[in-house]
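The values are calculated or read from the model by the stated rules, or taken from the named source; none is laboratory data. Just so it is clear, the model here is predicted, and its values are computed rather than measured. Heads up, the Cβs are rebuilt from the backbone with ideal geometry, glycines too, and the neighbour counts pull from every protein chain shown. Ligands, DNA and RNA are excluded from the accessible area calculation, which covers all protein heavy atoms including side chains. Shrake-Rupley method; radii C 1.70, N 1.55, O 1.52, S 1.80 Å.
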Amino acid sequence: ILGCLDDREFQLGCYSVALLVTGQLYGMGNMLATVVAPRLGERFGRSGQRQSVAWLAARASELQAAALALPAGLAIVAAPPLLARILPDYRSGLAPVAWLVPGVVAMSLALAGGQYLVAVDRQCRGLAAVLATLLVTALANYLALASGYGLVGVAATTAAGYAFYFVLVTAISFWT
């Protein structure tokens, strides 16, 4: 954002409003996922069966999805008009909220898969997923900005990167 937009500091400030909303949502997802991590390690230590641990992590992710559905919906529907009234100068940062929220939910749901990988001693796979996602998302963000899509383009490509991470982590944890 700082390197590609004309009024870079202002646009970065506007985008931070979207990050404020989605950061809170990710924080909720992280709090829910953190509770499950010790149970995954405990189950693997007792049973030694990856499939049993994967089932528990997948179930935790399903419950987390149910818990995040209402706050995510409210973030998309209620946050932009509310913040537009409170922070009218930052309106251009509100459109990205609709893109970022589903992506952040996907990334939150990937937490259980990442914790599964750590619990069953496959953390290198998780690290590879993070690095692959980082590269893909950084390139996509740059291309969105260079193509003139602005903050909405950054939000859309970031959300796609978060979804990519979710699919990647799920593929290397639960599906296998």
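In the range 18-121, Cα pairs under 8 Å separated by at least six residues give a relative contact order of 49 percent.
At a probe radius of 1.4 angstrom, the accessible area of the chain per residue rounds to 54 square angstrom. Using alpha carbons only, what's the Rg to Rh ratio of the chain with Rh from Kirkwood? In the chain, Rg relative to Rh is 1.04. Relative to the dominant Cα principal axis of the chain, helix 8-47 is inclined by about 10°. Counting Cα-Cα pairs of the range 1-98 in 10 Å increments starting at 0 gives whole-percent bin shares of 15, 32, 23, 17, 11, 2.
Could you work out how far helix 50-77 tilts from the main Cα principal axis of the chain, as a 0 to 90 degree angle to the nearest 10? Approximately 20 degrees, to the nearest 10. Charges were assigned to the Cβ only: +1 to each Lys and Arg, -1 to each Asp and Glu. The resulting dipole of the chain about its Cα centre is roughly 620 debye. Look at the Cα gyration tensor of the range 54-97: its axes a ≥ b ≥ c give a/c of at least 1.5 with a/b over b/c, and that counts as prolate. A protection proxy built from the mean count of other Cβ atoms within 10 Å ranks the segments 76-84, 150-158, 88-96, most packed first, as 150-158, 88-96, 76-84. For the chain, the residue among Trp55, Asn141, Val97 whose Cα projects farthest onto the positive side of the dipole built from Cβ charges is Trp55. Normalised Debye scattering of the range 66-161 at q = 0.12, 0.16, 0.18 Å⁻¹ gives log10 I(q)/I(0) of -0.50, -0.80, -0.92, counting only Cα atoms as equal scatterers and leaving out solvent. Using Cα atoms only, what is the angle between the long axis of helix 123-146 and the major principal axis of the chain, expressed in degrees (0 to 90) to the nearest 10? Relative to the chain, helix 123-146 is tipped by roughly 20 degrees. Counting alpha carbon pairs within less than 8 Å and at least 6 residues apart, what relative contact order, in whole percent, applies to the chain? Answer for the chain is 30 percent. Ranked by the mean number of other Cβ atoms within 10 Å per residue, highest first, peptides 59-68, 102-111 order as 102-111, 59-68.
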